[in-house]
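The values are calculated or read from the model by the stated rules, or taken from the named source; none is laboratory data. Since the model is a prediction, treat every value here as computed from it, not as a measurement. FYI the Cβ positions are ideal-geometry reconstructions off the backbone, even for glycines, and counts take in every protein chain you see. Protein only, heavy atoms only, side chains kept; ligands, DNA and RNA dropped before computing areas. Shrake-Rupley method; radii C 1.70, N 1.55, O 1.52, S 1.80 Å.
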Amino acid sequence: MSDKQQGFSSSFGAIMAAVGSAVGLGNIWRFPYIMGQYGGGAFLLVYLAFVFLIGMVLMMTEFVIGRRSQHTPAKAFVYNRPDRKGWRFLGYLCVFTCLMIISQYVVLSGWTTNYIVDSATGTLASLQTSEIGTHFSNFITHPWLPVMYLIIFTVITAVIILGGVQKGIEAVSKVLMPVLLVLVLVLCVRSITLPNSSVGLSYLFSPDFSKLSGEGVLAALGQALFSLSVGMGTMIVYGSYIPANDNIFKTAMLITASDTLIAVLAGVAIFPAVFSFGQDPASGPGLVFQVLPTVFNSMGGIGTVFAVMFFFLLALAALTSAISLLETIVAWLCESSSVNRYKSTIIVTLVVLAVGSVCALSDGLLSGVKILNKSIFGFVDDLNSIYLPPICAIGTVIFFGWQMKKEDIIDELSNHGALKIGYFKAFYFLVRYVAPIALLVVLFTSIYASLFPNN
Ligand code: PHE
């Protein structure tokens, strides 16, 4: 039996692997600052609605498509609708999206890996506050350092994929996810026991509906999809590995709840500390690579320990997400060619290293290169945040809601009649109407906002 058909060995392993995919840079880094930026508790309410009503629903559709077909995107769509072979193009688009996302993801993960080293060796601790920003910009514009760390991170990811679905992905996730939870909890305790931590908590949680603009609502939906790793076929591949008698609804619910909990805990670990040391809550890379090092330095000697813990936490979260992205592409290549898993992993890794390195150099050696007036990284970022994931997600819900047979869906969700699926009517309504409309609105509004930024 090939490794792919083997799948995960247990429900716990399946859940840990999928939580590993979901919990990533999006949770620890991005979620906290967008939550703060768009009105704290107000944003959280909208986010919760999207994450459960659209994100989780999309995750269930991907699990059904994957587990029923036992295939990767492309073949998985065609299996579920054999008379419409054209749907395979949606599969190709999903795989391409994973390639673009991982190429950008390994750049940020490489930065994170570098910061583990910089904090462990005391380099960060030796910097004056005024030097922290320059240290970061020197690093990202360096001619080869960002590429070196990107290679280290990507190779670690590839080695785990080479270990296989059970002995690589599942085994690693079962260990790393609990470690990640412990780390985030330790950082939370440190953060909320600092003086004036309540200022940060209220920045994060007190609902300010005046800050929740239309832009905030769009950001909430985009973040919900990205955070749950849905809309690019990853959960189709993991779905094909889920044990046959697992309850898809319960599994998706657990993953969604864990992902959301970790995102909120990350906010609690970050903002009280930021405010306690009188720092500004920055957004984007500035928060993690400039503001937080300043915060850790202000804690004195022990700050180094927390700095190492934080960057390690971020790297672990990134690793299990990168694994799922790489696995999606590798599994697809294995299935659609005669190339075996080992060679597929090598080939895909080389492609990711090439595209990723070009992105990594976009602030340094390649800073003169522009695509449609953007830096290379900026261009890939636009593809990944505005265009590709929503297009794949829309394709997936339309396929599921309007092309797949309803009886097949019921059969898969109920494990061939063994489970009661009282939620089905509501679920089917969400997939057929609510999700496509919401996603189309997001797609068109964000395209419009990016083309006409001043309106
Ligand atoms: N969910 C991951 C995060 O929050 C990112 C990701 C997206 C991983 C899509 C896999 C697929 O960082």
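Inside the stretch 138-151, residues that are part of a helix (DSSP H, G or I), surrounded by fewer than 16 Cβ atoms within 10 Å (Cβ to Cβ) and in contact (Cβ under 8 Å) with a residue 40 or more places away in the chain make up a count of 1. For the stretch 110-119, indicate whether the set of residues that are acidic (Asp, Glu), more than 20 Å from residue 383 (Cα to Cα), more than 16 Å from the ligand (Cβ to nearest atom) and surrounded by fewer than 18 Cβ atoms within 10 Å (Cβ to Cβ) is non-empty. The answer is no, given that none of the residues of the stretch 110-119 is acidic (Asp, Glu), more than 20 Å from residue 383 (Cα to Cα), more than 16 Å from the ligand (Cβ to nearest atom) and surrounded by fewer than 18 Cβ atoms within 10 Å (Cβ to Cβ). Scanning the stretch 223-240 for residues being more than 20 Å from residue 399 (Cα to Cα) and more than 8 Å from the ligand (Cβ to nearest atom) gives a total of 2.
Among residues of the stretch 121-133 that are open to solvent by 80 Å² or more (accessible area, probe 1.4 Å), those with a beta-carbon under 9 Å from a residue that is of a type in the set (Val, Ile, Thr) at least six positions away or on a different chain give the pairs 129/294.
Identify all residues within the stretch 8-56 that are modelled with pLDDT of 95 or more, in a loop (DSSP other than H, G, I, E, B) and more than 12 Å from the ligand (Cβ to nearest atom); write none if there are none. Within the stretch 8-56, 8, 9, 10 meet the criteria. Just one of the listed residues (189, 184, 199) is open to solvent by 10 Å² or more (accessible area, probe 1.4 Å) and in contact (Cβ under 8 Å) with a residue 40 or more places away in the chain, and it is 199.
Yes or no, residue by residue, for (1) closer than 30 Å to residue 10 by Cβ; (2) open to solvent by less than 60 Å² (accessible area, probe 1.4 Å); (3) not aromatic (Phe, Trp, Tyr):
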residue: 75; (1), (2), (3): yes, no, yes
residue: 83; (1), (2), (3): no, no, yes
residue: 156; (1), (2), (3): yes, no, yes
residue: 172; (1), (2), (3): yes, yes, yes
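Listed here are the residues, each with its yes/no results for (1) buried (at least 24 other Cβ atoms within 10 Å of the Cβ); (2) touching a helix residue (DSSP H, G or I) at 6+ places or on another chain (Cβ under 9 Å); (3) aliphatic (A, V, I, L, M).
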| site | (1), (2), (3) |
| --- | --- |
| 291 | no, yes, yes |
| 303 | no, yes, no |
| 318 | yes, yes, yes |
| 323 | yes, yes, yes |
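Go through the residues of the stretch 49-62 one by one and say whether even a single one is in contact with an Asp or Glu (Cβ under 6 Å, 6 or more places away or on another chain) and touching a residue at least 12 places away in the same chain (Cβ under 8 Å). No: the stretch 49-62 contains no residue that is in contact with an Asp or Glu (Cβ under 6 Å, 6 or more places away or on another chain) and touching a residue at least 12 places away in the same chain (Cβ under 8 Å).
Of all residues in the stretch 167-214, those that are assigned to a helix (DSSP H, G or I) and under 29 Å from residue 277 (Cα atoms) total 26. Annotation: of all residues in the stretch 221-245 being part of a loop (DSSP other than H, G, I, E, B) and of a type in the set (A, V, I, L, M, F, W, C), the one that is most open to solvent (accessible area, probe 1.4 Å) is 244.
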